1. So which residues in region 130-146 are part of a helix (DSSP H, G or I) and out of contact with any strand residue (DSSP E or B) (no Cβ under 8 Å at 6 or more places or on another chain)?
2. Considering only region 225-266, state which residues are surrounded by fewer than 17 Cβ atoms within 10 Å (Cβ to Cβ), among the hydrophobic types (A, V, I, L, M, F, W, C) and either assigned to a helix (DSSP H, G or I) or on the phi > 0 side of the Ramachandran plot (or both).
3. Consider TYR145 carefully, then state whether it is of a type in the set (Phe, Trp, Tyr) and free of Cβ contacts under 8 Å to residues at least 60 places away in the same chain.
4. Can you tell me how many residues in region 151-165 are surrounded by fewer than 19 Cβ atoms within 10 Å (Cβ to Cβ) and in contact (Cβ under 8 Å) with a residue 24 or more places away in the chain?
5. Among the residues of region 1-59, how many are in a loop (DSSP other than H, G, I, E, B), surrounded by 12 or more Cβ atoms within 10 Å (Cβ to Cβ), modelled with pLDDT under 95 and not charged (D, E, K, R)?
6. Would you tally the residues in region 195-224 being in a loop (DSSP other than H, G, I, E, B), surrounded by fewer than 16 Cβ atoms within 10 Å (Cβ to Cβ) and either in contact (Cβ under 8 Å) with a residue 60 or more places away in the chain or β-branched (Val, Ile, Thr) (or both)?
Amino acid sequence: MKFLSVSLIASALAIGARADIDWNLHKFQAPGSSDSRGPCPGLNTLANHGFLPRNGKNVTAQLILDAINDGFNFRPINVNVAAAKVAVLTTDDPNFVTLEETGLYGSIEHDASLSRQDFHQGDGIHFNETIFETLANSNPGVDYYNITSAVAVLTERLNIQQAANPAIINTEKEFIFRARESSFYLATMGNVITGEAPKEFVNILFREQRLPLEEGWRPSKIPIDSSNFFTLAGKVQDLYGKVWEPSGSVKCPWIRDQPEGPVFFF
């Protein structure tokens, strides 16, 4: 029955393609050697489809919000507005940011990622298949990810990095960022109400940084907004919070507001 439910979800999403988007103008193009890409598979995907500048440069907070809305049917709710504004703080340029610059450690980039190395261990910008295998191998026996599997992956990734990275930062800020990022892939690649997302769609988003249009994905028929996303994110956070504990030498949530600092604790 679970397999059937995911098939129905995929069909519903396909029917719900946004009529106001000309997908011929948003075909996938892999980035060139001079294009900028960052640690966020969602933003990279939006650039690869032309919702953000395809070169990944001259990006503004408003462009990010518009791209998420147009590409994922995800409204500019406060969590997206805050993330977009923080992303622009990762550069000294007063107006624009490149996608690579959004990888500034301590801004929106954090430890125990689902698909990137920790800052103190190497490349925190580019996709890492070995790290992603924790997610890719989760929820065996079915063709979807869900809230339970997402939390299991978050927990396993944190356990791995706590053992591997003595400098790990794992405060309440990182807890919230990780939980909401997992909620994001469940909502945008699957169903924001049920919290189930076909594995194929999620894997393509991470591995290829591509919208799986050819495989049948379409943006959510239901706009993703504060009326449904926070319900999903709350379920992820509640379940994750039952097993999560802060760790590392940094105890207070913090954020870096520009490349050279300072760091603000809150």
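1. Across region 130-146, the qualifying residues are THR130, ILE131, PHE132, GLU133, THR134, ALA136.
2. The answer is PHE230, and nothing else.
3. Criteria met by TYR145.
4. Result for region 151-165: 5.
5. The qualifying residues number 3.
6. 2
The values are calculated or read from the model by the stated rules, or taken from the named source; none is laboratory data. Just so it is clear, the model here is predicted, and its values are computed rather than measured. Quick reminder, even Gly has a Cβ in these numbers, built from the backbone with ideal geometry, and neighbours come from all protein chains shown.
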